[in-house]
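One structure is given below, encoded as structure tokens.
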Amino acid sequence: MSLSTRSTLLVGLAGALLAGCGDGKVDPHHPGELLGTYEVSATRETTTCGEGALGSTATWEFEVRLSRGDGVLYWDSGAEVTAGTLGSDDRRFSFDTSLVVDMRAGGTPSNLPPCTIVRGDRAEGLLDEDAGGFSGELAYTFTPSQGSDCSDLVTGPAPTFAALPCTMTYVLSADRTAAPP
């Protein structure tokens with residue numbers, strides 16, 4: 001599997017929670033009431049995918065801009081905006097997105113069978129506006145799509161995963177770095 005294919009799957013480890021949405025009633029580039037920009041630290045809690053699967057690391061950091069609407073929390077990675085659910089308490093939030101990636105794109109040998117992976121992203125958290133941050137958990141699942149033969153990604157000469165399907169979970173801790181104007 002090429003480096004660009006791995007990067008495509010991982011870019012989302014932060015940003016790909018981000019399957020880009022909007023409700024058609026707001027500016028899709030800056031929807032809702034801005035809460036601020038946050039520096040997020042992610043620490044891996046578990047993985048069944050294997051150490052370093054897809055180039056993953058035990059910790060990483062990223063920046064996200066959050067805003068809210070009526071029952072919606074918008075997660076803006078800078079690449080796309082994803083609409084999640086905001087609880088009636090205006091503090092609890094969650095996101096569910098998925099993405100299908102062709103693992104045979106790029107420089108993969110043509111003699112391999114078709115293989116696409118469905119990456120599911122799930123985030124849950126709690127805003128703490130008094131402290132200017134949020135905490136939560138982010139999980140990624142990787143599952144071969146129906147009809148795919150991805151066995152070489154587990155048993156090949158340079159395995160990408162320790163097992164498929166598999167899951168990685170991260171604990172999130174975020175501090176606001178820029179308040180709304």
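Every read-out reported here was derived from the displayed coordinates using simple, explicitly stated rules and does not represent laboratory data. Keep in mind it's a predicted model, so treat the numbers as computed, not measured. Reconstructed Cβ throughout: ideal geometry from the backbone, glycine too, with neighbour counts over all protein chains shown.
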(message) Can you compute 3J(HN,Hα) from phi for each residue in the range 122-133, using the Karplus curve 6.51 cos²θ - 1.76 cosθ + 1.60 with θ = phi - 60°, rounded to whole Hz and x for Gly and Pro?
(response) 9, 10, 9, x, 9, 6, 10, 5, 4, 8, x, x
(request) Collect residues whose amide H, placed 1.01 Å from N in the peptide plane, falls under 5 Å from the amide H of VAL72; neighbours closer than 5 in sequence don't count. (result) LEU86
(request) Quick one: dipole size for the range 29-180, taken about the Cα centre, charges +1 on Lys/Arg Cβ and -1 on Asp/Glu Cβ, in debye to the nearest 20. (result) 440
(request) Please sort by residue number the trypsin sites (Lys or Arg not before Pro) in the range 60-149 whose DSSP state is loop and whose Cβ has at most 14 other Cβ atoms within 10 Å. (result) ARG91
(request) Could you go through the range 145-162 in sequence order and give the Karplus-derived ³J(HN,Hα) for each residue, using 6.51 cos²θ - 1.76 cosθ + 1.60 with θ = phi - 60°, rounded to whole Hz, and x for Gly and Pro? (result) 6, 4, x, 7, 10, 10, 4, 5, 6, 10, 10, x, x, 10, x, 8, 10, 7
(request) Convert each backbone phi in the range 31-45 into a coupling constant with the Karplus relation 6.51 cos²θ - 1.76 cosθ + 1.60 (shift: θ = phi - 60°), then list the ³J(HN,Hα) values in order as whole Hz, x for Gly and Pro. (result) x, x, 8, 5, 9, x, 10, 10, 9, 10, 9, 10, 10, 5, 9
(request) Describe numerically, in nm with one decimal, the distance between label points set 7 Å from Cα along Cα→Cβ at ASP70 and at GLU39. (result) 3.7
(request) Quick one: dipole size for the range 32-119, taken about the Cα centre, charges +1 on Lys/Arg Cβ and -1 on Asp/Glu Cβ, in debye to the nearest 20. (result) 300
(request) Quote to one decimal, in nm, the extra length available between VAL154 and THR48 on full extension: 0.36 nm per residue of separation minus the C-alpha distance between them. (result) 37.0 nm
(message) Placing +1 on the Cβ of each Lys and Arg and -1 on the Cβ of each Asp and Glu in the range 120-165, which of GLY132, PHE142, PHE161 has its Cα farthest towards the positive end of the resulting dipole?
(response) PHE161
(request) Take the Cβ-Cβ distance between ASP89 and ASN111 as r, set R0 to 35 Å, and report the resulting FRET efficiency rounded to the nearest 0.05. (result) 0.05
(message) Run the numbers for ASP102 and ALA178: contour at 0.36 nm per residue of separation, minus the present Cα-Cα distance, in nm.
(response) 23.6 nm
